[in-house]
Amino acid sequence: MRPGFEELMKAVRAGEVDVVVVNELSRLTRKGAHDALEIDKEFKKYGVRFVSVLEPFLDTSNPIGVAIFALIAALAKQDSDIKAERLRGAKEEIKAVGGRHSSSAPYGMRAVRERIGNLVVSVLEPDEENPDHVATVERMIEMSWEGISDNKVAATLEGEGVPGSRPRDCGTSRH
């Protein structure tokens, strides 16, 4: 879901937009030619011009322009797919050596950069600078192993004033 794009299209449909300006077509969509042409079709339906700053030759008012537009959209999708595959491969490689690729460490842990082979990866270790957090995590694990539901663990910790422990109605429990 792309909230900014949905907001743009809502404004287009409401007649609040005369022209959509993007740096390049790939910033509008990376889903390929069909998606780009559908967006352009909707722009035309509402009388909205489309302008690409770095691709001023894009002009969907004639058949050659439409073909170029579709070709660039297809190339943007291909580029996006290649980058996604590289990222997937990098994440798998990091995971295979015991590293992690998330941006923030979970409660009670800290991410430490470590060289493993040719890679420098983040690995998790207990956050010794916050011993209360480590003790809380250990307690949560114990409660879970005792069969206490996740919501009950969270409710217990919230009752004790542990930050970030508000229970959710997620319907999950451990048995």
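Applying a DSSP loop filter and a limit of 16 other Cβ atoms within 10 Å to the trypsin sites (Lys or Arg not before Pro) in segment 25-65 leaves LYS31. Looking at segment 73-134, the GluC sites (Glu not before Pro) that sit in a DSSP loop and have at most 16 other Cβ atoms within 10 Å of their own Cβ are GLU128, GLU129. Tell me whether the chain comes out rounded, prolate or oblate; compute the Cα gyration tensor, take square roots of the eigenvalues as a ≥ b ≥ c, and use a/c under 1.5 as the rounded threshold. Prolate, because a/c is 1.5 or more and a/b exceeds b/c.
Principal-axis analysis of the Cα atoms of the chain puts helix 150-159 at an angle of about 70° to the longest axis. Here is how the number arises for the chain: DSSP H runs of 4 or more residues each give -39500 (n - 2.57), the sum is divided by the residue count, and the result at 222 nm is -16000 deg cm²/dmol.
Calculate how steeply helix 131-145 sits against the longest principal axis of the alpha-carbon atoms of the chain, using the helix alpha-carbon long axis, and give the answer as 0 to 90 degrees to the nearest 10. It is inclined by approximately 90 degrees. A full extension of the chain between ALA74 and ASN62 corresponds to an added length of 2.5 nm, given 0.36 nm per residue minus the alpha carbon distance. Remark: spin-label model distance ILE116-LEU37 equals 4.6 nm, labels positioned 7 Å along the Cα→Cβ axis.
Once the chain from GLU138 to TYR46 is taken as fully extended at 0.36 nm per residue, the excess over their C-alpha distance is 27.3 nm. Once the Cβ-Cβ distance of ALA84 and ALA105 is raised to the sixth power relative to R0 = 25 Å, the FRET efficiency obtained is 0.50. In loop segments of segment 15-73 as defined by DSSP, the GluC sites (Glu not before Pro) with at most 15 further C-beta atoms inside 10 Å of their C-beta are GLU16, GLU24.
How far, in degrees from 0 to 90, does helix 3-13 lean away from the longest principal axis of the Cα atoms of the chain, to the nearest 10? Compared with the principal axis, the helix lies near 30 degrees.
Distance between the pseudo-spin-label points of ALA96 and GLU129 (7 Å out from Cα toward the beta carbon): 3.3 nm.
Values quoted throughout were computed directly from the atomic coordinates according to the rules given, and no laboratory measurement underlies them. None of the values given here were measured: they were computed from a predicted structure. A quick note on method: Cβ atoms are made from the backbone with ideal geometry, for glycine too, and the neighbour counts reach across all protein chains shown.
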